[in-house]
Amino acid sequence: EVQLQQSGPELRRPGSSVKLSCKASGYSITDYLMHWVKHRPEHGLEWIGWIDPEDGETKYAQKFQSKATLTADTSSNTAYMQLSSLTSEDTATYFCASPSFDYWGQGVMVTVSS
Amino acid sequence: DVVLTQTPPTLSATIGQSVSISCRSSQSLLHSNGNTYLNWLLQRPGQPPQLLIYLVSRLESGVPNRFSGSGSGTDFTLKISGVEAEDLGVYYCVQSTHAPPTFGGGTKLELK
């Protein structure tokens with residue numbers, strides 16, 4: 001059974017960074033792209049980017065180019081997303097999803113507040 | 001980027017009623033390989049999105065057959081034949097024919 005297990009909720013100060021994890025089980029992350037998606041109820045779902053864990057190639061939505069950094073550790077079958085220079089606009093739930101939005105992690109709530 | 005326009009933004013239904021949601025694309029979603037990469041997702045409150053329909057009309061395993069998808073090119077429809085209480089939430093269409101992937105704005109299904 002394919003599962004994507006994400007890390008727990010995060011509370012960060014404005015200007016700081018956070019690194020989120022997404023551990024896959026039931027398949028090898030090198031088999032498929034891993035997407036990351038942002039959700040705010042008033043904004044719906046926004047695609048952040050994807051990583052090909054096999055070779056580390058990444059692709060980002062233009063608005064997240066300088067905000068998000070996607071990486072992967074094939075030895076632990078885990079994908080990561082780092083968000084930098086956090087602002088209140090980054091307060092949201094973040095999901096990992098693979099391969100074509102078939103499977104989703106449970107989501108992680110990131111709250112940015114002083 | 002491809003823009004997906006979902007209508008209506010909100011849908012009120014009674015249990016047992018049949019409803020439809022439209023997803024219109026700013027360009028054709030037919031890929032050069034002959035597939036149309038248009039999926040439908042349901043996000044219940046406090047839950048991650050769940051895949052319902054993939055490749056326009058294929059029902060994901062375990063999804064009740066009251067859900068059906070249809071369409072081609074730029075116009076797509078999700079139909080629920082007999083709404084049940086567990087169907088409440090926000091429905092999204094998502095395309096991955098063209099890079100980057102894009103989501104529709106969502107349709108919130110509520111009980112009337």
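The values are calculated or read from the model by the stated rules, or taken from the named source; none is laboratory data. These numbers come from a predicted model, not from an experiment. Ideal geometry is used to build each Cβ from the backbone, glycine not excepted, and the neighbour counts take in all protein chains shown.
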The stretch B:89-112 residues that are without any contact (Cβ under 8 Å) to a residue 60 or more places away in the chain and under 30 Å from B:Gly16 (Cβ atoms), paired with ones that are part of a strand (DSSP E or B) and among the hydroxyl-bearing types (Ser, Thr, Tyr) (beta carbon under 9 Å, 6 or more apart): B:Val90/B:Thr107
Please state which of the following conditions B:Pro48 fails to meet, knowing it meets all the rest: (1) of a type outside the set (S, T, N, Q); (2) part of a loop (DSSP other than H, G, I, E, B); (3) farther than 17 Å from A:Ala97 by Cα. (3)
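May I ask you to list the residues in the stretch B:6-29 that are polar (S, T, N, Q) and either at positive phi or under 11 Å from the mean Cα position of the chain (by Cα) (or both)?
From the stretch B:6-29, those polar (S, T, N, Q) are B:6-7, B:10, B:12, B:14, B:17-18, B:20, B:22, B:25-28; that's our starting set.
Once the filter is applied, which keeps residues that are polar (S, T, N, Q) and either at positive phi or under 11 Å from the mean Cα position of the chain (by Cα) (or both), the stretch B:6-29 yields B:Gln6, B:Thr7, B:Ser20, B:Ser22.
To keep it simple, each residue is scored yes or no on (1) at pLDDT 95 or above; (2) of a type in the set (A, V, I, L, M); (3) not in a loop (DSSP other than H, G, I, E, B).
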| residue | (1), (2), (3) |
| --- | --- |
| B:Ile15 | yes, yes, no |
| B:Arg24 | yes, no, yes |
| B:Gln27 | yes, no, no |
| B:Ser32 | yes, no, no |
| B:Ile53 | yes, yes, yes |
| B:Val56 | yes, yes, no |
| B:Phe76 | yes, no, yes |
| B:Val83 | yes, yes, no |
Can you find even one residue in the stretch A:13-24 that is part of a strand (DSSP E or B), surrounded by fewer than 22 Cβ atoms within 10 Å (Cβ to Cβ), in contact with a Pro (Cβ under 9 Å, 6 or more places away or on another chain) and not aromatic (Phe, Trp, Tyr)? no
Suppose we keep only residues that are among the aliphatic types (A, V, I, L, M) and farther than 30 Å from A:Val108 by Cβ within the stretch B:30-79. Which one would you say is farthest from the chain's Cα centre (by Cα)? B:Leu30
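Considering the stretch A:69-104 alone, what residues qualify as being within 14 Å of chain B (Cβ to nearest Cβ) and farther than 24 Å from B:Gly46 by Cα? Break it down into steps so the answer makes sense when it comes.
Applying the first criterion (within 14 Å of chain B (Cβ to nearest Cβ)) to the stretch A:69-104 yields A:70, A:92-104.
The one that is within 14 Å of chain B (Cβ to nearest Cβ) and farther than 24 Å from B:Gly46 by Cα: A:Leu70.
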Considering the stretch B:34-45, residues that are within 17 Å of B:Pro101 (Cα to Cα) and not in a strand (DSSP E or B), and then whichever is farthest from the other protein chains (Cβ to nearest Cβ), we arrive at B:Asn35
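Scan A:Lys19, A:Lys59, A:Lys38 and give me the residue that is over 23 Å from A:Val112 (Cβ atoms) and at pLDDT 95 or above. Give the derivation first.
Details: A:Lys19 fails: over 23 Å from A:Val112 (Cβ atoms); A:Lys38 fails: over 23 Å from A:Val112 (Cβ atoms).
Exactly one of A:Lys19, A:Lys59, A:Lys38 is over 23 Å from A:Val112 (Cβ atoms) and at pLDDT 95 or above, namely A:Lys59.
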Only one residue in B:Leu51, B:Leu59 is within 14 Å of chain A (Cβ to nearest Cβ) and either within 26 Å of A:Arg40 (Cα to Cα) or touching a Leu at 6+ places or on another chain (Cβ under 6 Å) (or both), so which one is that? B:Leu51
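Mind checking whether some residue in the stretch B:80-88 is surrounded by 21 or more Cβ atoms within 10 Å (Cβ to Cβ), among the hydroxyl-bearing types (Ser, Thr, Tyr) and more than 9 Å from every other protein chain (Cβ to nearest Cβ)? Please lay out each step first, then the result.
Pass one, the stretch B:80-88, residues surrounded by 21 or more Cβ atoms within 10 Å (Cβ to Cβ): B:80.
With the extra rule that they be among the hydroxyl-bearing types (Ser, Thr, Tyr), the set shrinks to none.
No, the conditions are met nowhere in the stretch B:80-88.
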Identify, by number, the condition in (1) at the interface with another protein chain (Cβ under 8 Å from one of its Cβ atoms); (2) out of contact with any Ser or Thr (no Cβ under 8 Å at 6 or more places or on another chain); (3) at pLDDT 95 or above that A:Gly107 doesn't meet. (2)
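So, A:Ser16, is that one within 12 Å of another protein chain (Cβ to nearest Cβ) and of a type outside the set (A, V, I, L, M, F, W, C) or not?
No, not satisfied.
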B:Leu109: passes all of (1) within 11 Å of the chain's Cα centre (by Cα); (2) buried (at least 18 other Cβ atoms within 10 Å of the Cβ) but (1)
